[in-house]
Amino acid sequence: MAYSNKVLDHFKNPRNVGVLDKNSKNVGTGLVGAPECGDVMRLQIEVDDATGLIRDAKFKTFGCGSAIASSSLATEWLKGKSVEDAMRIDNMDIVEELALPPVKIHCSVLAEDAIKAAIKDYQEKNGIVPTTVENTATTA
Amino acid sequence: MEKRRLIYLDNNATTPCDPRVVEAMIPFFFEKHGNAASRSHQFGWEAEEAVDYAREQIAQLIGADEKEIIFTSGATEANNLAIKGVFEMYARKGNHIITAETEHKAVLDTCKHLEKLGAEVTYLKVKEDGQVDLAELDAAIKPGTILVSIMWANNETGVIQPMREIAQICEKHGVLFHSDATQAVGKIPTNPREVGIHLMSFTGHKMYGPKGVGALYVSRKNPRVKVTAQMDGGGHERGMRSGTLNVPGIVGFGKAAEIARLEMAQDAERVSKLRDKLENALTKLEETKVNGNIQSRMPHVSNISFKHVEGEGLMMTFNQNIAVSSGSACTSASLEPSYVLVGMGLGDDLAHSSIRFSLGRFTTEEEVDYAIEAVTNGVNHMRDLSPIWEMYKDGVDLTKIEWSAH
(Lines give C-alpha, C1' and ligand atoms only; values in the text may rest on other atoms or scores of the structure.)
Protein backbone atom coordinates (compact mmCIF):
# COMPACT_ATOMS: atom_id res chain seq x y z
CA MET A 1 0.00 0.00 0.00
CA ALA A 2 1.39 3.38 -0.92
CA TYR A 3 1.11 6.28 1.47
CA SER A 4 0.03 9.73 0.41
CA ASN A 5 2.67 12.45 0.31
CA LYS A 6 1.02 14.18 3.23
CA VAL A 7 1.23 11.06 5.38
CA LEU A 8 4.87 10.66 4.39
CA ASP A 9 5.60 14.28 5.20
CA HIS A 10 4.04 14.09 8.67
CA PHE A 11 5.72 10.76 9.27
CA LYS A 12 9.17 11.95 8.31
CA ASN A 13 8.85 15.40 9.87
CA PRO A 14 6.34 14.93 12.65
CA ARG A 15 5.13 18.26 14.06
CA ASN A 16 4.94 18.95 17.77
CA VAL A 17 6.48 15.78 19.09
CA GLY A 18 7.01 15.93 22.80
CA VAL A 19 5.51 16.27 26.19
CA LEU A 20 3.81 19.04 28.19
CA ASP A 21 3.63 19.09 31.97
CA LYS A 22 0.65 16.91 32.63
CA ASN A 23 0.33 18.28 36.17
CA SER A 24 -0.15 21.85 34.97
CA LYS A 25 -3.71 23.12 35.33
CA ASN A 26 -3.63 24.47 31.78
CA VAL A 27 -2.65 21.16 30.22
CA GLY A 28 -5.06 18.48 29.16
CA THR A 29 -3.73 15.00 28.37
CA GLY A 30 -5.42 12.32 26.32
CA LEU A 31 -3.99 8.80 26.17
CA VAL A 32 -5.94 6.49 23.88
CA GLY A 33 -5.47 3.14 22.21
CA ALA A 34 -3.65 0.08 23.52
CA PRO A 35 -0.30 -1.55 22.81
CA GLU A 36 -2.10 -4.83 22.09
CA CYS A 37 -3.99 -3.11 19.29
CA GLY A 38 -0.83 -1.67 17.80
CA ASP A 39 -1.79 1.97 18.38
CA VAL A 40 -1.28 4.25 21.36
CA MET A 41 -1.61 8.02 21.09
CA ARG A 42 -0.82 10.58 23.74
CA LEU A 43 -2.01 14.03 22.79
CA GLN A 44 -1.73 17.09 25.00
CA ILE A 45 -3.09 20.60 24.77
CA GLU A 46 -2.11 23.69 26.69
CA VAL A 47 -4.82 26.33 26.98
CA ASP A 48 -4.04 30.02 27.44
CA ASP A 49 -5.92 31.39 30.45
CA ALA A 50 -6.34 34.85 29.02
CA THR A 51 -7.54 34.03 25.52
CA GLY A 52 -9.05 30.59 26.05
CA LEU A 53 -7.20 29.43 22.96
CA ILE A 54 -5.03 26.35 22.64
CA ARG A 55 -1.52 27.76 22.92
CA ASP A 56 0.43 24.57 22.42
CA ALA A 57 -0.16 20.95 21.50
CA LYS A 58 2.19 17.97 21.67
CA PHE A 59 1.94 14.30 20.86
CA LYS A 60 3.70 11.00 20.96
CA THR A 61 2.33 8.00 19.11
CA PHE A 62 3.11 4.29 18.99
CA GLY A 63 1.65 3.10 15.75
CA CYS A 64 1.83 2.87 12.02
CA GLY A 65 2.63 5.78 9.70
CA SER A 66 -1.00 6.80 9.38
CA ALA A 67 -1.44 6.91 13.14
CA ILE A 68 1.62 9.09 13.53
CA ALA A 69 0.54 11.37 10.70
CA SER A 70 -3.00 11.65 12.09
CA SER A 71 -1.79 12.75 15.50
CA SER A 72 0.84 15.07 14.05
CA LEU A 73 -1.81 16.74 11.90
CA ALA A 74 -4.17 16.98 14.86
CA THR A 75 -1.63 18.92 16.92
CA GLU A 76 -1.11 21.29 13.99
CA TRP A 77 -4.83 21.93 13.74
CA LEU A 78 -5.31 22.33 17.46
CA LYS A 79 -2.87 25.17 17.93
CA GLY A 80 -4.61 28.53 18.01
CA LYS A 81 -8.11 27.03 18.17
CA SER A 82 -10.58 27.57 20.97
CA VAL A 83 -11.50 24.48 22.95
CA GLU A 84 -14.99 24.61 21.44
CA ASP A 85 -13.60 24.63 17.91
CA ALA A 86 -11.20 21.84 18.81
CA MET A 87 -14.18 19.72 19.84
CA ARG A 88 -15.48 20.03 16.30
CA ILE A 89 -12.47 18.38 14.66
CA ASP A 90 -13.91 15.34 12.98
CA ASN A 91 -11.99 12.23 12.10
CA MET A 92 -13.23 12.42 8.52
CA ASP A 93 -11.46 15.78 8.15
CA ILE A 94 -8.23 13.97 8.98
CA VAL A 95 -9.05 11.16 6.56
CA GLU A 96 -9.63 13.69 3.83
CA GLU A 97 -6.58 15.81 4.53
CA LEU A 98 -4.22 12.82 4.66
CA ALA A 99 -6.02 10.78 1.99
CA LEU A 100 -6.16 7.80 4.32
CA PRO A 101 -7.36 4.54 2.76
CA PRO A 102 -10.34 2.74 4.36
CA VAL A 103 -8.13 0.34 6.35
CA LYS A 104 -6.51 3.33 8.04
CA ILE A 105 -9.65 5.20 9.07
CA HIS A 106 -9.28 3.85 12.60
CA CYS A 107 -6.11 5.96 12.92
CA SER A 108 -8.13 9.12 12.39
CA VAL A 109 -10.78 7.92 14.82
CA LEU A 110 -8.07 7.41 17.39
CA ALA A 111 -6.76 10.94 16.78
CA GLU A 112 -10.24 12.38 17.30
CA ASP A 113 -10.59 10.32 20.47
CA ALA A 114 -7.22 11.67 21.66
CA ILE A 115 -8.32 15.27 21.07
CA LYS A 116 -11.56 14.72 22.94
CA ALA A 117 -9.78 12.94 25.79
CA ALA A 118 -7.27 15.79 26.12
CA ILE A 119 -10.06 18.38 26.19
CA LYS A 120 -12.03 16.36 28.71
CA ASP A 121 -8.99 16.14 30.97
CA TYR A 122 -8.43 19.89 30.71
CA GLN A 123 -12.07 20.65 31.42
CA GLU A 124 -12.23 18.31 34.40
CA LYS A 125 -9.11 19.87 35.88
CA ASN A 126 -10.66 23.29 35.58
CA GLY A 127 -14.17 22.43 36.70
CA ILE A 128 -15.65 23.23 33.31
CA VAL A 129 -18.81 21.39 32.36
CA PRO A 130 -17.81 19.36 29.33
CA THR A 131 -19.23 20.63 26.09
CA THR A 132 -20.47 18.09 23.64
CA VAL A 133 -20.65 19.11 20.05
CA GLU A 134 -22.25 17.17 17.29
CA ASN A 135 -19.72 16.42 14.61
CA THR A 136 -21.44 18.24 11.84
CA ALA A 137 -19.19 21.20 11.32
CA THR A 138 -15.94 20.92 9.46
CA THR A 139 -12.63 22.48 10.24
CA ALA A 140 -9.50 23.67 8.50
CA MET B 1 21.14 8.65 3.16
CA GLU B 2 22.15 8.46 -0.42
CA LYS B 3 19.80 7.09 -3.02
CA ARG B 4 20.48 3.43 -3.64
CA ARG B 5 19.05 0.21 -4.93
CA LEU B 6 16.15 -1.15 -2.92
CA ILE B 7 17.46 -3.86 -0.62
CA TYR B 8 15.36 -7.00 -0.58
CA LEU B 9 15.21 -8.78 2.77
CA ASP B 10 11.85 -10.45 2.22
CA ASN B 11 12.92 -13.69 0.57
CA ASN B 12 10.35 -15.69 2.54
CA ALA B 13 7.64 -13.89 0.63
CA THR B 14 9.22 -14.74 -2.68
CA THR B 15 12.70 -14.95 -4.13
CA PRO B 16 13.96 -13.32 -7.29
CA CYS B 17 14.19 -15.70 -10.20
CA ASP B 18 17.83 -16.68 -10.67
CA PRO B 19 19.04 -15.39 -14.07
CA ARG B 20 20.19 -18.93 -14.92
CA VAL B 21 16.62 -20.06 -14.36
CA VAL B 22 15.21 -17.33 -16.56
CA GLU B 23 17.65 -18.27 -19.29
CA ALA B 24 16.58 -21.93 -19.15
CA MET B 25 12.90 -20.96 -19.42
CA ILE B 26 13.04 -18.59 -22.37
CA PRO B 27 13.06 -21.13 -25.24
CA PHE B 28 9.88 -22.68 -23.90
CA PHE B 29 7.75 -19.61 -24.52
CA PHE B 30 8.16 -19.39 -28.30
CA GLU B 31 10.50 -21.81 -30.05
CA LYS B 32 9.62 -24.82 -27.91
CA HIS B 33 6.07 -23.86 -27.08
CA GLY B 34 4.56 -27.33 -27.25
CA ASN B 35 2.01 -28.94 -24.98
CA ALA B 36 3.67 -31.72 -23.03
CA ALA B 37 0.55 -33.82 -23.53
CA SER B 38 0.70 -33.62 -27.34
CA ARG B 39 1.87 -37.09 -28.30
CA SER B 40 1.72 -36.73 -32.07
CA HIS B 41 4.43 -34.25 -32.97
CA GLN B 42 7.85 -32.83 -32.28
CA PHE B 43 6.56 -29.84 -30.31
CA GLY B 44 4.84 -32.06 -27.82
CA TRP B 45 7.75 -34.50 -27.53
CA GLU B 46 10.16 -31.67 -26.93
CA ALA B 47 7.97 -30.21 -24.19
CA GLU B 48 7.43 -33.60 -22.60
CA GLU B 49 11.15 -34.26 -22.60
CA ALA B 50 11.78 -30.89 -20.93
CA VAL B 51 9.16 -31.65 -18.28
CA ASP B 52 10.63 -35.09 -17.65
CA TYR B 53 14.07 -33.58 -17.25
CA ALA B 54 12.78 -30.97 -14.79
CA ARG B 55 10.94 -33.68 -12.87
CA GLU B 56 14.24 -35.51 -12.53
CA GLN B 57 16.04 -32.36 -11.38
CA ILE B 58 13.38 -31.78 -8.73
CA ALA B 59 13.26 -35.41 -7.64
CA GLN B 60 17.04 -35.36 -7.26
CA LEU B 61 16.92 -32.32 -5.02
CA ILE B 62 14.67 -34.12 -2.53
CA GLY B 63 15.96 -37.65 -3.07
CA ALA B 64 12.69 -38.86 -4.56
CA ASP B 65 11.69 -40.90 -7.58
CA GLU B 66 10.55 -38.69 -10.44
CA LYS B 67 7.21 -40.51 -10.48
CA GLU B 68 6.60 -39.15 -7.01
CA ILE B 69 6.51 -35.53 -8.21
CA ILE B 70 3.09 -34.11 -9.05
CA PHE B 71 3.27 -30.64 -10.58
CA THR B 72 0.81 -28.04 -9.33
CA SER B 73 0.38 -24.29 -9.62
CA GLY B 74 2.23 -23.75 -6.36
CA ALA B 75 2.43 -24.77 -2.74
CA THR B 76 -1.08 -23.61 -1.91
CA GLU B 77 -2.50 -25.98 -4.49
CA ALA B 78 -0.15 -28.74 -3.36
CA ASN B 79 -1.34 -28.31 0.24
CA ASN B 80 -4.96 -28.37 -0.89
CA LEU B 81 -4.37 -31.47 -2.99
CA ALA B 82 -2.53 -33.29 -0.22
CA ILE B 83 -4.98 -32.59 2.58
CA LYS B 84 -8.26 -32.70 0.67
CA GLY B 85 -6.97 -35.56 -1.45
CA VAL B 86 -6.09 -37.69 1.58
CA PHE B 87 -9.34 -36.78 3.32
CA GLU B 88 -11.32 -38.08 0.35
CA MET B 89 -9.12 -41.06 -0.47
CA TYR B 90 -8.92 -42.34 3.10
CA ALA B 91 -12.44 -41.46 4.18
CA ARG B 92 -13.13 -45.08 5.05
CA LYS B 93 -10.21 -45.14 7.45
CA GLY B 94 -11.21 -42.06 9.38
CA ASN B 95 -11.83 -38.34 9.35
CA HIS B 96 -9.39 -36.94 11.88
CA ILE B 97 -6.57 -34.63 10.81
CA ILE B 98 -3.90 -33.12 13.06
CA THR B 99 -2.10 -29.89 12.25
CA ALA B 100 -0.64 -26.96 14.19
CA GLU B 101 -1.86 -23.44 14.90
CA THR B 102 1.16 -21.84 13.29
CA GLU B 103 0.76 -23.48 9.88
CA HIS B 104 0.34 -21.42 6.74
CA LYS B 105 -3.20 -20.36 5.83
CA ALA B 106 -3.10 -22.71 2.87
CA VAL B 107 -3.10 -25.58 5.37
CA LEU B 108 -5.28 -24.02 8.06
CA ASP B 109 -8.01 -22.83 5.73
CA THR B 110 -8.00 -26.13 3.88
CA CYS B 111 -8.56 -27.87 7.21
CA LYS B 112 -11.31 -25.41 8.12
CA HIS B 113 -12.97 -26.17 4.80
CA LEU B 114 -12.81 -29.89 5.49
CA GLU B 115 -14.35 -29.39 8.93
CA LYS B 116 -17.46 -28.20 7.14
CA LEU B 117 -17.40 -31.45 5.17
CA GLY B 118 -17.25 -33.60 8.27
CA ALA B 119 -13.56 -33.68 9.13
CA GLU B 120 -12.43 -33.45 12.70
CA VAL B 121 -9.30 -31.34 12.99
CA THR B 122 -6.95 -30.94 15.93
CA TYR B 123 -4.90 -27.74 15.86
CA LEU B 124 -1.88 -28.32 18.06
CA LYS B 125 -0.51 -25.40 20.01
CA VAL B 126 3.18 -24.76 19.66
CA LYS B 127 5.71 -24.20 22.40
CA GLU B 128 7.26 -20.81 23.05
CA ASP B 129 10.10 -21.68 20.69
CA GLY B 130 7.64 -22.34 17.87
CA GLN B 131 8.00 -26.13 17.79
CA VAL B 132 5.14 -28.56 18.27
CA ASP B 133 5.10 -30.56 21.47
CA LEU B 134 5.82 -34.15 20.45
CA ALA B 135 4.02 -35.64 23.45
CA GLU B 136 0.93 -33.61 22.58
CA LEU B 137 1.07 -34.81 19.02
CA ASP B 138 1.43 -38.40 20.14
CA ALA B 139 -1.52 -38.02 22.49
CA ALA B 140 -3.69 -36.39 19.84
CA ILE B 141 -3.51 -39.35 17.46
CA LYS B 142 -6.49 -41.69 17.70
CA PRO B 143 -7.88 -44.60 15.69
CA GLY B 144 -9.67 -42.31 13.23
CA THR B 145 -6.60 -40.15 12.52
CA ILE B 146 -5.71 -40.26 8.85
CA LEU B 147 -3.23 -37.41 8.48
CA VAL B 148 -0.73 -35.28 10.35
CA SER B 149 0.19 -32.08 8.52
CA ILE B 150 3.10 -30.13 10.01
CA MET B 151 5.21 -27.63 8.10
CA TRP B 152 8.94 -28.16 7.77
CA ALA B 153 9.93 -24.55 8.48
CA ASN B 154 7.77 -21.63 9.48
CA ASN B 155 7.44 -18.74 7.07
CA GLU B 156 7.45 -16.03 9.73
CA THR B 157 10.08 -17.26 12.16
CA GLY B 158 12.09 -19.81 10.15
CA VAL B 159 11.67 -22.30 13.00
CA ILE B 160 12.28 -25.86 11.82
CA GLN B 161 10.01 -28.51 13.29
CA PRO B 162 11.44 -31.76 14.65
CA MET B 163 10.61 -33.58 11.43
CA ARG B 164 12.17 -36.96 12.17
CA GLU B 165 10.53 -37.22 15.56
CA ILE B 166 7.16 -36.27 14.11
CA ALA B 167 7.63 -38.84 11.37
CA GLN B 168 8.48 -41.51 13.93
CA ILE B 169 5.29 -40.79 15.84
CA CYS B 170 3.27 -41.01 12.62
CA GLU B 171 5.04 -44.24 11.71
CA LYS B 172 4.30 -45.72 15.13
CA HIS B 173 0.59 -45.06 14.70
CA GLY B 174 0.44 -45.81 11.00
CA VAL B 175 -0.74 -42.30 10.13
CA LEU B 176 0.19 -40.44 6.95
CA PHE B 177 2.49 -37.45 7.38
CA HIS B 178 2.21 -34.42 5.10
CA SER B 179 4.56 -31.48 5.32
CA ASP B 180 4.27 -28.02 3.83
CA ALA B 181 7.99 -27.66 3.10
CA THR B 182 7.63 -24.48 1.07
CA GLN B 183 10.17 -22.51 3.08
CA ALA B 184 12.65 -25.35 3.47
CA VAL B 185 13.06 -27.03 0.08
CA GLY B 186 16.06 -25.75 -1.82
CA LYS B 187 17.52 -24.05 1.23
CA ILE B 188 18.22 -26.93 3.60
CA PRO B 189 18.32 -30.69 2.87
CA THR B 190 14.76 -31.98 2.64
CA ASN B 191 14.55 -35.67 1.87
CA PRO B 192 11.03 -36.92 2.56
CA ARG B 193 11.87 -40.62 2.24
CA GLU B 194 14.81 -40.37 4.61
CA VAL B 195 12.75 -38.46 7.17
CA GLY B 196 9.54 -40.45 6.80
CA ILE B 197 7.27 -37.92 5.12
CA HIS B 198 4.62 -39.26 2.79
CA LEU B 199 3.41 -36.07 1.14
CA MET B 200 5.39 -32.87 0.80
CA SER B 201 4.39 -29.53 -0.73
CA PHE B 202 6.85 -27.04 -2.14
CA THR B 203 7.07 -24.32 -4.76
CA GLY B 204 9.41 -22.79 -7.30
CA HIS B 205 9.29 -19.15 -6.32
CA LYS B 206 10.70 -19.63 -2.83
CA MET B 207 13.84 -21.21 -4.28
CA TYR B 208 14.81 -18.73 -6.99
CA GLY B 209 12.46 -20.28 -9.53
CA PRO B 210 9.40 -18.79 -11.16
CA LYS B 211 6.01 -18.16 -9.55
CA GLY B 212 3.00 -20.22 -10.53
CA VAL B 213 4.60 -23.64 -10.34
CA GLY B 214 4.95 -25.98 -7.43
CA ALA B 215 4.86 -29.66 -6.63
CA LEU B 216 3.46 -32.25 -4.32
CA TYR B 217 5.68 -35.18 -3.47
CA VAL B 218 3.53 -38.28 -3.10
CA SER B 219 5.26 -41.40 -1.79
CA ARG B 220 4.93 -44.32 -4.21
CA LYS B 221 6.23 -47.16 -2.09
CA ASN B 222 6.30 -48.01 1.62
CA PRO B 223 3.66 -46.75 1.74
CA ARG B 224 2.10 -46.19 -1.64
CA VAL B 225 0.02 -43.08 -1.05
CA LYS B 226 -2.87 -41.99 -3.20
CA VAL B 227 -4.73 -38.73 -3.21
CA THR B 228 -8.07 -38.00 -4.82
CA ALA B 229 -7.68 -35.44 -7.59
CA GLN B 230 -9.09 -32.02 -6.77
CA MET B 231 -8.97 -30.83 -10.36
CA ASP B 232 -10.88 -32.83 -12.92
CA GLY B 233 -9.93 -32.92 -16.56
CA GLY B 234 -7.50 -34.67 -18.86
CA GLY B 235 -5.96 -36.87 -16.21
CA HIS B 236 -2.51 -35.33 -16.27
CA GLU B 237 0.05 -36.07 -13.58
CA ARG B 238 -1.00 -39.69 -13.24
CA GLY B 239 -4.58 -38.62 -12.73
CA MET B 240 -3.83 -36.63 -9.61
CA ARG B 241 -3.80 -33.17 -11.16
CA SER B 242 -5.39 -32.38 -14.48
CA GLY B 243 -4.47 -29.33 -16.46
CA THR B 244 -1.96 -28.53 -19.20
CA LEU B 245 1.47 -28.41 -17.68
CA ASN B 246 3.14 -25.03 -17.28
CA VAL B 247 6.15 -26.09 -19.34
CA PRO B 248 8.30 -22.93 -19.06
CA GLY B 249 7.51 -22.74 -15.35
CA ILE B 250 8.36 -26.38 -14.80
CA VAL B 251 11.61 -26.02 -16.74
CA GLY B 252 12.52 -23.06 -14.54
CA PHE B 253 11.49 -24.91 -11.39
CA GLY B 254 13.72 -27.80 -12.47
CA LYS B 255 16.68 -25.55 -13.13
CA ALA B 256 16.15 -23.83 -9.78
CA ALA B 257 16.13 -27.24 -8.09
CA GLU B 258 19.38 -28.22 -9.80
CA ILE B 259 21.09 -24.98 -8.76
CA ALA B 260 19.77 -25.38 -5.23
CA ARG B 261 21.10 -28.94 -5.02
CA LEU B 262 24.55 -27.86 -6.14
CA GLU B 263 24.80 -24.58 -4.25
CA MET B 264 22.63 -25.08 -1.17
CA ALA B 265 25.47 -25.75 1.25
CA GLN B 266 27.54 -22.75 0.27
CA ASP B 267 24.48 -20.48 0.06
CA ALA B 268 23.33 -21.53 3.51
CA GLU B 269 26.73 -20.98 5.03
CA ARG B 270 27.17 -17.55 3.51
CA VAL B 271 23.65 -16.36 4.22
CA SER B 272 23.60 -17.61 7.80
CA LYS B 273 26.73 -15.58 8.51
CA LEU B 274 25.05 -12.47 7.14
CA ARG B 275 21.88 -13.25 9.09
CA ASP B 276 23.88 -13.64 12.29
CA LYS B 277 25.65 -10.37 11.65
CA LEU B 278 22.32 -8.59 11.18
CA GLU B 279 20.75 -10.25 14.19
CA ASN B 280 23.70 -9.64 16.49
CA ALA B 281 23.83 -5.99 15.55
CA LEU B 282 20.09 -5.36 15.89
CA THR B 283 19.73 -7.21 19.17
CA LYS B 284 22.33 -4.86 20.64
CA LEU B 285 19.50 -2.33 20.72
CA GLU B 286 17.71 -2.25 24.06
CA GLU B 287 14.60 -4.36 24.59
CA THR B 288 14.77 -6.60 21.57
CA LYS B 289 13.89 -10.26 21.32
CA VAL B 290 14.55 -12.88 18.68
CA ASN B 291 11.42 -14.94 18.13
CA GLY B 292 11.58 -18.71 17.77
CA ASN B 293 14.04 -21.50 18.40
CA ILE B 294 17.42 -20.25 17.25
CA GLN B 295 18.96 -23.73 17.43
CA SER B 296 16.46 -25.12 14.98
CA ARG B 297 15.95 -22.41 12.43
CA MET B 298 16.37 -21.69 8.75
CA PRO B 299 19.77 -20.14 7.98
CA HIS B 300 18.41 -17.01 6.34
CA VAL B 301 15.61 -15.87 8.65
CA SER B 302 15.51 -13.65 11.70
CA ASN B 303 12.33 -12.48 13.37
CA ILE B 304 12.95 -9.74 15.91
CA SER B 305 10.62 -7.84 18.22
CA PHE B 306 11.58 -4.25 18.97
CA LYS B 307 9.68 -3.46 22.13
CA HIS B 308 7.44 -0.37 22.17
CA VAL B 309 7.88 0.23 18.45
CA GLU B 310 5.07 -0.61 16.06
CA GLY B 311 6.30 -2.80 13.23
CA GLU B 312 4.57 -1.16 10.32
CA GLY B 313 5.58 2.31 11.44
CA LEU B 314 9.14 1.09 11.85
CA MET B 315 9.13 -0.36 8.34
CA MET B 316 7.97 2.96 7.02
CA THR B 317 11.13 4.62 8.29
CA PHE B 318 13.20 2.59 5.86
CA ASN B 319 10.90 1.07 3.29
CA GLN B 320 12.10 3.46 0.62
CA ASN B 321 15.35 1.51 0.81
CA ILE B 322 14.72 -1.84 2.44
CA ALA B 323 11.94 -4.38 1.92
CA VAL B 324 11.04 -6.54 4.92
CA SER B 325 7.75 -7.65 6.44
CA SER B 326 6.16 -7.17 9.80
CA GLY B 327 4.23 -9.26 12.30
CA SER B 328 1.81 -6.42 12.67
CA ALA B 329 -1.05 -6.88 10.28
CA CYS B 330 -2.00 -3.26 10.65
CA THR B 331 -2.49 -3.06 6.91
CA SER B 332 -5.30 -5.57 7.02
CA ALA B 333 -8.72 -4.51 8.16
CA SER B 334 -8.63 -6.99 11.01
CA LEU B 335 -5.84 -5.23 12.95
CA GLU B 336 -4.89 -8.67 14.19
CA PRO B 337 -1.19 -9.19 14.82
CA SER B 338 0.58 -12.27 13.47
CA TYR B 339 -1.20 -15.44 14.61
CA VAL B 340 2.10 -17.29 14.35
CA LEU B 341 3.79 -15.08 16.93
CA VAL B 342 0.71 -14.95 19.13
CA GLY B 343 0.52 -18.75 18.86
CA MET B 344 4.03 -18.88 20.31
CA GLY B 345 2.80 -17.00 23.35
CA LEU B 346 4.04 -13.56 22.36
CA GLY B 347 1.78 -10.80 23.62
CA ASP B 348 -0.13 -8.88 20.96
CA ASP B 349 2.03 -5.84 21.74
CA LEU B 350 5.27 -7.70 21.00
CA ALA B 351 3.75 -9.30 17.92
CA HIS B 352 2.89 -5.83 16.61
CA SER B 353 6.51 -4.86 17.26
CA SER B 354 8.13 -7.58 15.21
CA ILE B 355 9.94 -7.54 11.91
CA ARG B 356 10.85 -10.52 9.76
CA PHE B 357 14.14 -10.32 7.94
CA SER B 358 14.63 -13.04 5.34
CA LEU B 359 17.90 -12.94 3.45
CA GLY B 360 18.66 -14.75 0.24
CA ARG B 361 21.12 -15.88 -2.37
CA PHE B 362 21.51 -12.35 -3.70
CA THR B 363 21.87 -10.54 -0.38
CA THR B 364 25.28 -8.89 -0.01
CA GLU B 365 27.23 -7.95 3.08
CA GLU B 366 27.09 -4.31 2.07
CA GLU B 367 23.29 -4.52 2.03
CA VAL B 368 23.26 -6.07 5.48
CA ASP B 369 25.52 -3.32 6.80
CA TYR B 370 23.20 -0.72 5.34
CA ALA B 371 20.15 -2.46 6.79
CA ILE B 372 21.73 -2.56 10.25
CA GLU B 373 22.24 1.18 10.17
CA ALA B 374 18.83 2.01 8.71
CA VAL B 375 16.88 -0.27 11.05
CA THR B 376 18.81 0.98 14.08
CA ASN B 377 18.03 4.57 13.12
CA GLY B 378 14.41 3.64 12.50
CA VAL B 379 14.00 1.99 15.88
CA ASN B 380 15.54 5.00 17.61
CA HIS B 381 13.32 7.39 15.65
CA MET B 382 10.18 5.43 16.46
CA ARG B 383 11.10 5.17 20.11
CA ASP B 384 11.55 8.94 20.28
CA LEU B 385 7.99 9.16 19.02
CA SER B 386 6.59 6.38 21.19
CA PRO B 387 4.65 7.33 24.33
CA ILE B 388 4.93 3.81 25.68
CA TRP B 389 8.71 3.78 25.23
CA GLU B 390 8.82 7.03 27.22
CA MET B 391 6.63 5.50 29.92
CA TYR B 392 8.78 2.39 30.01
CA LYS B 393 11.88 4.58 30.38
CA ASP B 394 10.18 6.52 33.19
CA GLY B 395 9.59 3.26 35.00
CA VAL B 396 5.84 3.13 34.42
CA ASP B 397 4.42 -0.39 34.62
CA LEU B 398 2.58 -0.60 31.31
CA THR B 399 0.57 -3.60 32.42
CA LYS B 400 -1.01 -1.48 35.17
CA ILE B 401 -2.45 1.05 32.76
CA GLU B 402 -6.06 0.75 31.78
CA TRP B 403 -5.81 0.93 28.02
CA SER B 404 -8.83 1.82 26.00
CA ALA B 405 -8.94 -1.07 23.58
CA HIS B 406 -10.45 -0.02 20.31
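Tabulated data for the structure shown
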| quantity | calculated |
| --- | --- |
| Subset of region B:387-406 (residues that are of a type in the set (Ser, Thr, Tyr) and more than 7 Å from chain A (Cβ to nearest Cβ)) | B:Tyr392, B:Thr399 |
| Total residues in region A:90-104, condition within 14 Å of another protein chain (Cβ to nearest Cβ), within 14 Å of A:Val7 (Cα to Cα) and in contact with a helix residue (DSSP H, G or I) (Cβ under 6 Å, 6 or more places away or on another chain) | 3 |
| Residue among A:Lys60, A:Lys81 that alone is charged (D, E, K, R) and facing chain B (nearest Cβ under 9 Å) | A:Lys60 |
| Region B:39-72 - residue that is in contact with a Ser or Thr (Cβ under 9 Å, 6 or more places away or on another chain) and closer than 14 Å to B:Phe202 by Cβ and, of those, surrounded by the most Cβ atoms within 10 Å (Cβ to Cβ) | B:Thr72 |
| Residue, surrounded by the fewest Cβ atoms within 10 Å (Cβ to Cβ), within region B:364-377, restricted to residues that are under 22 Å from B:Gly311 (Cα atoms) and not charged (D, E, K, R) | B:Asn377 |
| B:Leu335 assigned by TED's automatic domain parsing to the domain that holds B:Thr364 and at pLDDT 95 or above | no |
| Qualifying residue in region B:343-360 (condition: among the acidic types (Asp, Glu) and at pLDDT 95 or above) | no |
| Filtered residues of region A:1-55 (kept if touching a residue at least 60 places away in the same chain (Cβ under 8 Å), farther than 17 Å from A:Glu124 by Cα, of a type in the set (Gly, Ala, Ser) and more than 8 Å from chain B (Cβ to nearest Cβ)) | A:Ser4 |
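To keep it simple, each residue is scored yes or no on (1) part of a helix (DSSP H, G or I); (2) more than 25 Å from B:Ile188 (Cα to Cα).
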{"residue": "B:Val340", "(1), (2)": "yes, no"}
{"residue": "B:Thr363", "(1), (2)": "no, no"}
{"residue": "B:Val368", "(1), (2)": "yes, no"}
{"residue": "B:Asn380", "(1), (2)": "yes, yes"}
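The values are calculated or read from the model by the stated rules, or taken from the named source; none is laboratory data. In this text the structure is predicted, and so the values were computed from the model without any measurement. Heads up, the Cβs are rebuilt from the backbone with ideal geometry, glycines too, and the neighbour counts pull from every protein chain shown.
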